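This report refers to the structure that appears directly beneath it.
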Amino acid sequence: MEKKSILNNKMFLYMTEFFAGMSVMAVELGASRLLAPYFSSSQIVWTIIIGTIMIAMALGNIYGGKAADKNPDPGRLYKRILVAAIWIAAIPVLGKYIIIGISALLVFAVNSNFLVIAAFATCMVVFVFPLFLLGTVTPSLAKYTTESLEDNGKIIGTLGAFNTVGSIIGTFVPTFVTIPAVGTAVTFLIFAGILMALCIAFFVSSGKKETKRVVAGLLIFIICCFFGHSTSFAFWENKLTYEGESVYNYLQVKETPDSVILSTNVLFGVQSIHIKDGALTGMYYDYALAAPYMSGVKEKAASGENSDLLILGMGTGTYATQVSRYFDNVNVEGVEIDDKITDLAHKYFELPKETKVTTYDGRAYLAAVDKKYDVIMVDAYQDITIPFQMSSTEFFTMVKEHLAPGGVMVVNMNMYSDDNESTINRYLADTISSVFENVVTVDVPNSTNKELFATDNAEFLDRLSQNSALEEDAQLRAMMGKVRDNCICYEKGNNIMTDDKAPVELLGMKQIDSIIKSEVKYYKDVFKTQGIQGLF
């Protein structure tokens with residue numbers, strides 16, 4: 001009688017397939033957002049997430065089919081879904097601690113490919129088991145819904161359609177609705193709750209005596225909702241001014257007595273900074289101020305002419321604010337793909353209201369406008385996440401075409417650089433040198449940044465010296481002298497990136513390994529000599 005009543009209510013089983021497909025995609029997208037603040041959102045991390053999830057689903061398909069043949073009891077399937085729901089609900093509570101724990105262990109155990117290994121280990125520990133359980137849904141339901149060979153094709157096709165439609169919805173809803181509105185943590189809880197409700201409906205309607213199991217699962221879910229609704233990824237931080245998420249980023253604003261700082265990834269440092277007293281930042285933004293001098297902005301201002309400056313990767317407008325403060329008659333425009341960052345810029349970072357900010361992709365913006373600029377700053381490279389479309393000869397050619405005569409492009413290369421020919425900075429500099437006639441670089445001390453200046457005007461360094469020497473602000477004048485003294489003419493190589501071939505993720509991963517090795521050497525030495533107690 002139990003089997004017959006279930007088969008008479010095939011729509012419920014189809015809805016199970018629908019919500020299972022939807023939850024798999026929601027968890028996959030949630031996984032990318034959970035990992036991004038710690039491991040970046042690069043193609044490498046996405047590949048690892050997709051690969052491990054596909055492994056889990058494949059194994060789940062095999063097990064689900066065998067289990068259904070061995071014991072065709074739908075109750076067993078819904079018990080697995082219940083466990084999956086509880087596990088997914090626990091991810092917001094425990095996931096970030098597991099990530100930090102795995103990372104801490106691997107830092108001392110792994111010498112290369114840290115990003116790949118740490119991301120893969122995290123996916124295996126956190127996501128494989130619940131998705132393995134959800135992978136058992138399709139073959140199990142195929143068994144329960146098929147009555148004869150005459151209609152099995154139609155039924156399995158219907159199951160596939162429900163799964164696909166659910167997956168489509170599970171792709172769009174987290175990205176465009178739940179994550180921007182309520183965050184990654186609550187998104188996990190929402191889809192765990194959907195699976196939980198599905199299981200409760202099944203056990204109640206089928207008369208299964210699973211009261212204790214269901215009540216226990218419901219209590220665990222409620223506990224997870226209580227402790228897991230927080231959106232805090234940097235759980236070790238106290239008194240953050242703002243913490244939230246957008247379609248593109250995890251966002252964190254931290255205020256100190258002297259400054260306001262934006263971070264988009266908790267393990268990869270500062271993305272933007274505002275110095276409250278108006279002083280120089282001490283960071284790469286100060287070095288990039290050489291570009292207006294190189295392009296003759298000061299000369300134009302003296303003769304009453306206006307200059308135009310474009311920033312691709314506006315962030316919260318640190319560079320825009322500095323340019324507006326130190327240079328007259330300059331129209332500053334910014335392009336920032338994340339509109340929430342622009343909102344934070346106006347709220348916390350004192351971005352001038354007259355500064356125009358367009359919410360768009362940097363390259364797409366250049367393709368859409370004909371305007372020429374005296375300075376174009378490219379500051380769209382974020383940790384390992386370097387947009388390939390903004391690292392190619394085609395892109396830098398487009399930038400060059402938008403520069404006025406004598407104009408200068410300044411690029412913030414934010415990955416640690418060494419003498420190895422295969423670094424991401426080498427590839428970027430070689431690519432830029434294939435487009436521009438004159439390229440110089442300046443290392444930013446005590447950071448992983450390097451500023452690159454490119455132009456077709458051979459007199460740009462003389463302009464820097466002459467114009468900065470007349471600067472009234474002594475601190476800025478000294479900084480420009482420092483830039484001029486440390487400029488190194490770049491000798492171009494043959495590492496050219498194009499739209500067709502730009503291995504920025506793999507090159508960036510190598511640099512992350514170099515950074516990690518350098519940063520943890522001290523702690524490894526302490527551990528070797530003093531053990532765990534020395535670390536604490």
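The values are calculated or read from the model by the stated rules, or taken from the named source; none is laboratory data. Note that the structure is predicted; figures quoted are calculated from it, not measured. As a convention, Cβ positions derive from the backbone with ideal geometry for all residues, glycine included, and neighbour counts pool all protein chains shown.
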Any idea which of (1) out of contact with any Pro (no Cβ under 7 Å at 6 or more places or on another chain); (2) touching a residue at least 24 places away in the same chain (Cβ under 8 Å); (3) among the hydrophobic types (A, V, I, L, M, F, W, C); (4) within 22 Å of V137 (Cα to Cα) is the one F188 doesn't satisfy?
-> (1)
Mind checking whether some residue in segment 484-506 is within 24 Å of P405 (Cβ to Cβ) and outside any loop (DSSP other than H, G, I, E, B)?
-> yes
Answer with yes or no whether V128 is in contact with a Ser or Thr (Cβ under 7 Å, 6 or more places away or on another chain), in the same structural domain as I88 (by TED's automatic domain parsing), closer than 17 Å to A26 by Cα and surrounded by fewer than 19 Cβ atoms within 10 Å (Cβ to Cβ).
-> yes
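Residue by residue, here is whether (1) surrounded by 23 or more Cβ atoms within 10 Å (Cβ to Cβ); (2) out of contact with any Phe, Trp or Tyr (no Cβ under 7 Å at 6 or more places or on another chain) holds:
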residue	(1), (2)
Y365	no, yes
M377	yes, no
Q389	no, no
T397	no, yes
E401	no, yes
N446	no, yes
L464	yes, no
N467	no, no
L470	no, yes
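Go through segment 314-356 and give me each residue that's among the charged types (D, E, K, R) and under 26 Å from the mean Cα position of the chain (by Cα). Step through it out loud before you land on a result.
Quick first cut of segment 314-356, residues among the charged types (D, E, K, R) only: 325, 328, 333, 336, 338-340, 343, 347, 350, 353-354, 356.
The answer is E333, E336, D338, D339, K340, D343, K347, E350, K356.
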Could you please let me know if E394 is at pLDDT below 90 and not in a strand (DSSP E or B)?
-> no
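Let's see how each residue does on (1) in contact with a His (Cβ under 7 Å, 6 or more places away or on another chain); (2) outside the structural domain of G135 (by TED's automatic domain parsing); (3) of a type outside the set (V, I, T); (4) modelled with pLDDT of 90 or more:
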| residue | (1), (2), (3), (4) |
| --- | --- |
| T16 | no, no, no, yes |
| P37 | no, no, yes, no |
| Q43 | no, no, yes, no |
| I98 | no, no, no, yes |
| V110 | no, no, no, no |
Tabulated pairs, segment 81-108, first among the polar types (S, T, N, Q), second buried (at least 20 other Cβ atoms within 10 Å of the Cβ), C-beta under 9 angstrom, 6+ apart or interchain | S103/Y38; S103/F39; S103/F114; S103/A118; S103/T122
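Among Y285, Y293, Y326, which is of a type outside the set (G, A, S), assigned by TED's automatic domain parsing to the domain that holds A367, surrounded by fewer than 22 Cβ atoms within 10 Å (Cβ to Cβ) and under 22 Å from R484 (Cα atoms)?
On the way: Y285 fails: surrounded by fewer than 22 Cβ atoms within 10 Å (Cβ to Cβ); Y293 fails: surrounded by fewer than 22 Cβ atoms within 10 Å (Cβ to Cβ).
That would be Y326, the only listed residue that is of a type outside the set (G, A, S), assigned by TED's automatic domain parsing to the domain that holds A367, surrounded by fewer than 22 Cβ atoms within 10 Å (Cβ to Cβ) and under 22 Å from R484 (Cα atoms).
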Residue check for G407: outside the structural domain of S40 (by TED's automatic domain parsing) and either in a helix (DSSP H, G or I) or closer than 23 Å to D456 by Cβ (or both) | yes
Collect the residues in segment 304-316 that are farther than 15 Å from Y381 by Cα and either of a type outside the set (S, T, Y) or assigned to a loop (DSSP other than H, G, I, E, B) (or both), keeping them in residue-number order.
-> G304, E305, N306, D308, L309, L310
Odd one out for E451 among (1) part of a loop (DSSP other than H, G, I, E, B); (2) modelled with pLDDT under 95 = (1)
Is it fair to say S103 is of a type in the set (G, A, S), at pLDDT below 90 and not in a helix (DSSP H, G or I)?
-> no
